Amino acid sequence: MPREPKHASNRQAEAEAFDAETPDLPVSKRQAAIDGSAPSRNELKKQMQDLQELGEAVAALPVDRLDKLKIDERLRDAIDELRRTRSFEGKRRQLQYIGKLMKAEDPAPLREAVASYRVGSATDTLALHQAEYWRDQLLAGDDALQQWVEAYPATDIQQLRSLVRSARKEKLEPGERHGRAYRDLFRLVKEQMQGAAGADDDAPPTDPSHDD
């Protein structure tokens with residue numbers, strides 16, 4: 001036998017009973033719970049986990065980037081406290097607290113700030129690996145020297161040759177640190193690569209419509 005639809009008076013009675021049981025719940029959430037449109041327990045748990053992970057990522061940002069974010073003072077204090085905390089359990093509890101505070105924040109600009117920092121960090125890491133590659137190639141053979149000059153003609157070639165020769169002469173025992181020439185060669189390579197990249201960024205855009 002099909003169930004008869006509830007009368008308006010019955011729905012009103014259910015709403016009043018629900019209100020009595022949840023007096024502190026916002027009206028919109030009470031209505032959502034009555035209508036069955038409120039998020040499930042698993043959905044709420046997932047949302048909380050996402051906020052906690054975002055809060056952890058925000059806490060990992062450098063101080064100068066944190067200073068530019070418009071976040072609540074309580075959240076900033078909680079992040080500073082997290083950085084001072086040393087114990088694993090203390091960090092875990094503090095991250096949970098940060099996750100709760102994150103509910104009052106707009107996550108969009110925070111996600112954007114984290115993404116921007118990670119892209120920059122990845123770019124720096126790639127540049128570091130490229131500098132290490134060139135240093136090792138220069139030490140391995142003279143062919144790389146000509147390739148380097150063609151790629152970075154602004155380099156002081158005499159200085160580069162001198163550093164390469166000195167670094168090659170350094171004989172290291174197992175576990176011994178590289179000498180000064182090796183480190184200076186890496187510094188020169190990295191500076192030249194950064195200078196070339198900066199020059200490319202500063203170059204004015206070309207207009208493809210103007211052909212010679």
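The values are calculated or read from the model by the stated rules, or taken from the named source; none is laboratory data. Note that the coordinates shown come from a computational prediction; the quantities given were computed from them, not determined experimentally. All Cβ positions, glycine included, derive from the backbone under ideal geometry; neighbour counts span all protein chains shown. Only protein heavy atoms, including side chains, enter the accessible area calculation; ligands, DNA and RNA are left aside. Shrake-Rupley method; radii C 1.70, N 1.55, O 1.52, S 1.80 Å.
Test residue 136 against the stated conditions and say whether it is open to solvent by 60 Å² or more (accessible area, probe 1.4 Å) and either assigned to a helix (DSSP H, G or I) or within 18 Å of residue 61 (Cα to Cα) (or both).
On the way: open to solvent by 60 Å² or more (accessible area, probe 1.4 Å): yes; either assigned to a helix (DSSP H, G or I) or within 18 Å of residue 61 (Cα to Cα) (or both): yes.
Considered against the rule, which asks whether it is open to solvent by 60 Å² or more (accessible area, probe 1.4 Å) and either assigned to a helix (DSSP H, G or I) or within 18 Å of residue 61 (Cα to Cα) (or both), residue 136 comes out as yes.
Pairs, please: C-beta under 6 Å, at least 6 apart or cross-chain, first residue free of Cβ contacts under 8 Å to residues at least 40 places away in the same chain and in the range 86-109, second assigned to a helix (DSSP H, G or I) and open to solvent by less than 60 Å² (accessible area, probe 1.4 Å)?
94/82; 97/78
Does residue 169 satisfy the condition of being surrounded by 14 or more Cβ atoms within 10 Å (Cβ to Cβ) and either among the charged types (D, E, K, R) or farther than 17 Å from residue 60 by Cα (or both)? Before you say what the answer is, go through the steps one by one.
Numbers: surrounded by 14 or more Cβ atoms within 10 Å (Cβ to Cβ): no; either among the charged types (D, E, K, R) or farther than 17 Å from residue 60 by Cα (or both): yes.
So residue 169 fails the test.
Which of (1) over 18 Å from residue 61 (Cβ atoms); (2) in a helix (DSSP H, G or I); (3) at pLDDT 90 or above does residue 98 not meet, given it meets every other one?
Against the list (1) over 18 Å from residue 61 (Cβ atoms); (2) in a helix (DSSP H, G or I); (3) at pLDDT 90 or above, residue 98 comes up short only on (1).
How many residues are more than 16 Å from residue 113 (Cα to Cα), free of Cβ contacts under 8 Å to residues at least 24 places away in the same chain and in a helix (DSSP H, G or I) if we restrict to the range 55-85? Before the answer, list the steps.
Residues of the range 55-85 more than 16 Å from residue 113 (Cα to Cα): 73-74, 77-78, 80-85.
Those left that are additionally free of Cβ contacts under 8 Å to residues at least 24 places away in the same chain: 73, 77-78, 80-82, 84-85.
Checking which are in a helix (DSSP H, G or I) leaves us with 73, 77-78, 80-82, 84.
So the answer is 7.
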